[in-house]
Amino acid sequence: MKNSKLVQYYMLGKGCFARLPELLEQREKATSLSGSVLVIDHFFQGKNILDLSFLSSADLVIWADTTHEPTTDYVDELADKVKASLPRPSAIVGIGGGSALDIAKAISVLLTNPGKSAEYQGWDLVKNPPVYKIGIPTIAGTGAEFTRTAVLTGPVKKLGINSDYSVYEQVILDADLLKTVPHEQFVYTAMDCFVHNCESLLGMQNDAMTIAMAQKSSDMIKEVFLGEMDHEKLLIASSMGGLAIANSNVGICHPFSYGLGYVLGLHHAFAICVAFNQLGEYYPEVETFKKILHKNNIVLPKIITDGITSEQLDHMAELTLMNEKPLSNAFGPDWRNVFGKDRVIELLKRM
Ligand SMILES: [Fe+2]
């Protein structure tokens, strides 16, 4: 039986981002350390969306470039920058989408553990407690604010730092921060959560708690996308989906998205949508997913076109099949007998 680590504190409510200075001040008093590191999605740079007037010269702001998903090299570079200017911050704050939140998690680990981030890609490889961290999502769906993984693309594979030490100590859920997300990205990211729920519910590694959370999360996503939009409800759905997936496992869709993402450089949530759209044989909820896209005026392009070489396809299939844990969650320990490379390539060609 698993022993599940959870976020210690969360704050929920429109406008609660304004409470961040108070939390940082409390932290400074408790640690007698001065200065925080804020890892903020570069989308916010130069825009007057976030009130950062509370920052002082003791704080360090890192504008995280999330054009591409975080690589181990990029995270190492940012961690070195933090070590050079503020090696013992009182807190690290991640503000943004899944990439910014994961970068902040990884930096907090690297400040107290030796070596490079690639050494911690895997399960439970982090030895020393990290710097205290606060996660503030500005898009709903990734679940990164509640999971114990920081997904990084390394030299050979895309794999998370999966550790109890990469769980945020504090999360701030402020629906007002979701207002500026571009429409397509907004829908794709929420669908990432919808897919997490489907994979968690149909997998073999769920339990009564994750089933309850994934079901409720799915119901709320359907309510907001097929009924009336409610940003706060979506943030809660994302949190519960994150909790469900963090304590169960993904299934067939995520392995495909990793292959597509790695070889073609697609963003995670978009790659998830492209893959899920063609997995109706495995997930009955693909029909609901299609209804949601249609209602929200989204037409998915075909990604695997004649321009994709057979070597690229082969590489994507290999990367998909490297995800042994998710595939065994979906099909059982003998998954290789029912889900081989030919089948993966056949499905990829439809995407
Ligand atoms: Fe995902």
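Could you figure out which of (1) outside the structural domain of ASN277 (by TED's automatic domain parsing); (2) assigned to a loop (DSSP other than H, G, I, E, B) isn't true of ASP176? Here ASP176 meets the rest and fails (2). For SER56, work out the one condition from (1) more than 17 Å from GLU145 (Cβ to Cβ); (2) surrounded by 13 or more Cβ atoms within 10 Å (Cβ to Cβ); (3) not β-branched (Val, Ile, Thr) it doesn't fulfil. Every listed condition holds for SER56 apart from (2). Within region 86-97, which residues are away from the ligand (no atom under 16 Å from the Cβ) and small (Gly, Ala, Ser)? SER90, ALA91, GLY94, listed by residue number. In region 36-52, the residues that are closer than 22 Å to TYR168 by Cα form Cβ pairs under 9 Å with partners that are outside any strand (DSSP E or B) and of a type in the set (Lys, Arg), at six or more places apart or across chains, as follows: SER36/ARG27. Looking across region 15-48 at every residue that is loosely packed, with under 14 Cβ neighbours inside 10 Å and basic (Lys, Arg), the one that is farthest from ASP80 (Cα to Cα) is identified as ARG19.
Tallying residues that are more than 23 Å from ASN249 (Cα to Cα) and surrounded by fewer than 21 Cβ atoms within 10 Å (Cβ to Cβ) within region 133-157 yields 1.
Entry remark, region 320-348: residues being under 14 Å from ALA275 (Cβ atoms) and at pLDDT below 95 number 1 in total. Quick check on region 244-252. Is at least one of its residues touching a residue at least 24 places away in the same chain (Cβ under 8 Å) and more than 30 Å from VAL171 (Cα to Cα)? So far as region 244-252 goes, no, none of its residues is touching a residue at least 24 places away in the same chain (Cβ under 8 Å) and more than 30 Å from VAL171 (Cα to Cα). Take GLY160 and decide whether it is within 16 Å of the ligand (Cβ to nearest atom) and surrounded by 23 or more Cβ atoms within 10 Å (Cβ to Cβ). Considered against the rule, which asks whether it is within 16 Å of the ligand (Cβ to nearest atom) and surrounded by 23 or more Cβ atoms within 10 Å (Cβ to Cβ), GLY160 comes out as no. Can you tell me which residue is nearest to LYS81 (Cα to Cα) among those in region 106-125 that are in contact with an Asp or Glu (Cβ under 8 Å, 6 or more places away or on another chain) and buried (at least 22 other Cβ atoms within 10 Å of the Cβ)? Result: LEU110. Could you identify the single residue in VAL75, VAL171 that is under 16 Å from the mean Cα position of the chain (by Cα), assigned to a strand (DSSP E or B) and in contact (Cβ under 8 Å) with a residue 40 or more places away in the chain? That would be VAL171, the only listed residue that is under 16 Å from the mean Cα position of the chain (by Cα), assigned to a strand (DSSP E or B) and in contact (Cβ under 8 Å) with a residue 40 or more places away in the chain. Taken over region 229-245, residues that are within 11 Å of the ligand (Cβ to nearest atom) and of a type in the set (A, V, I, L, M, F, W, C) amount to 1. Just one of the listed residues (PRO155, PRO137, PRO129) is more than 17 Å from the chain's Cα centre (by Cα) and either under 28 Å from LYS2 (Cα atoms) or among the hydroxyl-bearing types (Ser, Thr, Tyr) (or both), and it is PRO129.
Remark: pairs (first residue in region 300-313, of a type in the set (Val, Ile, Thr); second residue part of a loop (DSSP other than H, G, I, E, B); Cβ separation under 7 Å; 6+ apart in sequence or on different chains) = ILE303/MET351; ILE304/MET351. One residue stands out among those in region 98-133 that are closer than 16 Å to TRP63 by Cα and of a type in the set (A, V, I, L, M, F, W, C): the one that is nearest to the ligand (Cβ to nearest atom), which is LEU101.
The values are calculated or read from the model by the stated rules, or taken from the named source; none is laboratory data. Keep in mind that what you see is a predicted model, and the values were worked out from it rather than measured. Note that we place each Cβ from the backbone using ideal geometry, even for glycine, and neighbour counts take in every protein chain shown.
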